[in-house]
Amino acid sequence: MKCPFCGSTRLAPIIFGLPDYTEELVRRVENEEVYLGGCLIMDGYPQYHCFACRQNVGKRPVLRSKRGLEYYRCIVTGIHFRDDGFPQIFMDKKDGHIRLEIRPACTDTEPVCERQPAYERLMSETEWDDLLNLLYTELYLHEWGGFFVSRSFPDGERWELTIKFTEDRERIYRGFGGFPPYWEELKAAFRPFIEERGIC
Ligand SMILES: [Zn+2]
């Protein structure tokens, strides 16, 4: 696993409670093999501490809202992804169906690709669940920041991931030449849908 904030692999499991401060424990803490979390319950019940950015990560994929704590996998109604030069992906759950639509790539030089029409089909519940599980339990999407800007290359590749939730809520992740630590994994998650039908 790598840190969803900074990408570092300097992660250690958090030990909660008041352990015996043995020499062995002190050595393990100094070696960044474990992190002492103390006795206070941490928001989101993180499993790991990142020694690079000092964040506690590996939190449960739940959203704290006015309704209480909601599991993301229960409230996601749409996943939209676009990335310069690649086909755009739209997945929308509505009226008991999950619709997948893949629109050909848009670029600055070629705003609308006329070569191929959009590709559409229905997704199965299993496909949808598998994707949500991947996004929230393996890619830690709920712990990503919202903006990824490259200081040296702000005019670089632009991308946008929109996650729609029930009650017209949404979360948008955007990049301007910058990418989240789990970028390659995100692209890999969408790749099968794009490759399913060789779209331009
Ligand atoms: Zn980190």
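Rounded to the nearest 500, what is the chain's calculated 222 nm mean residue ellipticity when only DSSP H runs of at least 4 contribute -39500 (n - 2.57) each, over all residues?
The helix-only estimate for the chain comes to -4500 deg cm²/dmol at 222 nm.
Helix 183-195 versus the longest principal axis of the chain: what is the Cα-based angle in degrees, 0 to 90, to the nearest 10?
Around 30 degrees separate the two axes.
Percentage of Cα-Cα pair distances in the chain greater than 29 Å, rounded to whole percent?
I get 35 percent for the Cα pairs in the chain exceeding 29 Å.
For the stretch 11-59, I need the span (max minus min coordinate) of the C-alpha atoms along each principal axis, in Å, sorted largest to smallest.
30, 23, 11
For the stretch 121-200, what are Rg and Dmax over the alpha carbons, in angstrom?
14.0, 42
With no solvent and one point on each alpha carbon, what is the Debye value of log10 I(q)/I(0) for the stretch 2-116 at q = 0.15, 0.21 Å⁻¹?
Computed log10 I(q)/I(0) values: -0.85, -1.10.
Quick one: grab Rg to one decimal and Dmax as a whole number for the stretch 41-102, Cα atoms only, in Å.
16.5, 45
Using a Gaussian network model on the chain with a 10 Å cutoff between Cα atoms, which of 66, 164, 187 fluctuates the most?
Per the Cα network of the chain with a 10 Å cutoff, 66 tops the list.
In debye, nearest 20: dipole of the chain around its Cα centre with unit charges on the Cβ of K, R (+) and D, E (-)?
440
Share of the chain's accessible area from carbon and sulfur, percent, 1.4 Å?
Of the solvent-accessible surface of the chain, carbon and sulfur hold 51 percent.
May I ask you to compute the full-extension gain from residue 8 to residue 52, defined as 0.36 nm times their residue separation minus their alpha-carbon distance, rounded to one decimal in nm?
15.2 nm
The values are calculated or read from the model by the stated rules, or taken from the named source; none is laboratory data. Fair warning: this is a prediction, and the values are worked out from it, not measured in the lab. Ideal geometry is used to build each Cβ from the backbone, glycine not excepted, and the neighbour counts take in all protein chains shown. These area figures cover heavy atoms from the full protein model, side chains too; ligands, DNA and RNA do not enter into them. Shrake-Rupley method; radii C 1.70, N 1.55, O 1.52, S 1.80 Å.
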